[in-house]
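Read the figures in this text as sums done on the coordinates, not as results from a lab. Remember, it's a predicted structure, so these values are computed and weren't measured experimentally. For neighbour counting, all protein chains shown are included, and Cβ atoms are generated from backbone atoms with ideal geometry for every residue, glycine included.
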Amino acid sequence: MNFLFAKLFEEYVRKNDSPRFTITLYMSIFYFFLAIVILLPIKTYIEKIIFNNQIHYKQSTIIIFVFGLLLAITFVVYYIYIKKGLIHKLTDRYQTRKINKLILYLIIIFAPVTLLLLTATITVFLNGGQIFGNEIKGLLE
C-alpha cells in the first residue's frame, strides 16, 4: 500500500491539490476500514463466545468509539507520514516505478470498498445471517 500512497501523493502534488491533508484523509480512511476488518470479528467473537450475547451497547458508546478510533488513526497517520516525512521518503523510493493512472485510481477507489465488503462477509460468517438471499449459519452459533 505504501507504493500506492506514494503514487497518490505524487498525483496530488502534480494537481496542486493540498497533498498533505488529502493523502492524510485517504490513508486514515483506509487504515480505519482495515482496523474495522480486524476489530469487528474480534468483537463478535468475544460477545458470542465469552459473554454469550449478554452485552448490550448504547448507540452513543459505539459512535464515540468509532469517531475516537478514526481521530486517533488520523493523528497517527499525519504524524508518521507527514510530520516525520515518511511520505516524501516513499515518494523518493518509488519514483522510478510507474503505474497507470487508471489502475491507480481504480485501486484507490475499490480498496476501501473491498475492505468494507470483507468486514460484512466475515461478520455474517461468524454471526450468521443472509448474503445475497442465501441463509448462512454462523460459525459461532
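Using the rule -39500 (n - 2.57) for each DSSP H run of four or more residues, divided by the residues of the chain, the 222 nm mean residue ellipticity is -22500 deg cm²/dmol. Over segment 89-141, the Kirkwood radius and the radius of gyration, each from Cα atoms, give a ratio Rg/Rh of 1.30. What the Cβ-Cβ distance of Asp17 and Leu70 gives, at R0 = 30 Å and to the nearest 0.05, is a FRET efficiency of 0.85.
In Å, the Kirkwood hydrodynamic radius of segment 2-137 over pairs of distinct alpha carbons? Spell out each step's value before the answer.
On the way: mean 1/r = 0.0582 Å⁻¹.
The answer is 17.2 Å.
Applying the criteria of a DSSP loop state and at most 16 other Cβ atoms within 10 Å to the chymotrypsin sites (Phe, Trp or Tyr not before Pro) of segment 35-115 yields Phe51, Tyr57.
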